[in-house]
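What follows is a set of notes on a single structure, which appears directly below.
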Amino acid sequence: MIEQILDFWYFHLFRPTRFVGITFLFFMLSHFFNLYIYKLIVKMTDKTKTTLDTKIVTAFRKPVKNFIFFLGLFFALRDLSLSKEYYDVVVKLFRSTVIILITSGFYNLSSTSSALFTKLNEKLDFDIDRILIPIISKAIRFILVAISASIIAQEWGYDVNGFVAGLGIGGLAFALAAQDSLSNFFGGIVIILDKPFSIGDWILTPNVEGTVEDINFRSTKVRTFAHALVTVPNATLAKNPITNWSKMGRRRISFNLGVTYTTPREKLATCVTRIDSMLKNHSDIHPETIFVNFDSFNSSSLDIFIYCFTNTTVWGEFLKVKEDVNFKIMDILEQEGVSVAFPSRSLYFENPIPTAKVNIE
């Protein structure tokens, strides 16, 4: 009778209580790590010369926290003295969980903002273009997930080799069904190798104009100036002309200045000479390519052709330089007493228009 009572107390009261106690203890340990130990480790890594160790600690913060909890849960389940069949399932679940947690840590570490690529550039003096970083990051993440999935599948007794061999049987059908995806993938390869643009560049294509935000295996994301996000397939980009405004070394100023037909020849020649001299001596105008010429007899004006480039390519600075040039041209015209023409038309009558006589009595 006493043995039955002890067995009942041990199996129905004491062991469940121990299970809850062990689980709760490791749950509290995981939170203790997250709140205190992690911050202590970060303070230590912040004192080092590199930020790579801080990135690693940050990437594995949540996986380590969850590992502590699942480790306690595993100890608590093992304490229940389960049968071999159930215990094997628990061991497989725990191993699979550990694999997932390790993969998630490396997954976080291989993000686009990771310091790994920066560190690689510093140590190996190997220049990684900004457009390659998202591609490399996504490729590493895909490989990590694929390896993790295959290890977990093998852990549960699935034949991964047979699965891979099965893919070869349906490879032709898959290739036919994925023609567009493959063309976009190889279009992305062409963009990476040719480097017509990089992330952050302002580009113009027949389909979209804006700033490149991201490029992946299938498409490129462009933020338009209306703040709309346009996703363009890589195959479309690869076969169309791309204007990269961010790569231009100078911005162009080009227009026709029309003055009135009453302007004397000497005044017109003086204006052309003074405008040309002003541009050549302007600190913000590139001195190599400057054209100022009396260009044409327009329908209502004598046109002076003005063509030059600014040193800056920044849009706001370009507008300020162009404004300053316009004001200086206005000063020259005012000093020479030359008026800017406006569209007008003169009518000549072959016969005089008869005037009506009004008798006033």
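Any read-out appearing in this document is the output of simple, stated calculations on the displayed coordinates, not a laboratory observation. These numbers come from a predicted model, not from an experiment. All Cβ positions, even for glycine, are placed from backbone atoms using ideal geometry, and neighbour counts span all protein chains on display.
Observations
- Longest to shortest principal axis, alpha-carbon extents of the range 29-118, angstrom: 52, 26, 14
- Backbone geometry of the range 221-233 corresponds, through the Karplus equation with coefficients 6.51, -1.76 and 1.60 at θ = phi - 60°, to 3J(HN,Hα) couplings of 9, 10, 8, 6, 6, 8, 6, 8, 9, 10, 9, 10, x Hz, x marking Gly and Pro.
- Additional length obtainable on full extension of the chain from THR312 to LEU35, 0.36 nm per residue less Cα span: 94.7 nm
- One Cα centroid belongs to the range 19-51, the other to the range 242-294; the line between them spans 67 Å.
- Normalised alpha carbon radius of gyration of the range 179-246 [divisor 2.2 N^0.38 Å]: 0.99
- Available extension along the chain between ARG252 and GLN154 is 28.9 nm, counting 0.36 nm per residue and deducting the alpha carbon span.
- With R₀ set to 35 Å, the beta-carbon distance separating THR17 from ALA139 gives a calculated FRET efficiency near 0.10.
- Among HIS31, HIS286, HIS227, the order by Cβ neighbours within 10 angstrom, fewest to most, reads HIS227, HIS31, HIS286.
- Derived scalar couplings ³J(HN,Hα) [the range 312-324; Karplus, 6.51 cos²θ - 1.76 cosθ + 1.60; whole Hz; x for Gly, Pro]: 8, 10, 6, 4, x, 5, 4, 5, 5, 5, 4, 4, 5
- The range 179-246, relative contact order in percent, only Cα pairs under 8 angstrom and at least six apart counted: 37 percent
- For TYR261, the residues whose modelled amide H falls within less than 5 Å of its own, excluding neighbours fewer than 5 places apart on the same chain, are LEU302.
- Residues listed by number, the range 255-280, amide nitrogen under 13 Å from SER296 label point at 7 Å toward C-beta: 255-258
- Under 5 Å, built H, 5+ apart or other chain: amide partners of ASP214: LYS221
- Look at TRP315, TRP245 and count the other Cβ atoms within 10 Å of each Cβ; fewest to most, that gives TRP315, TRP245.
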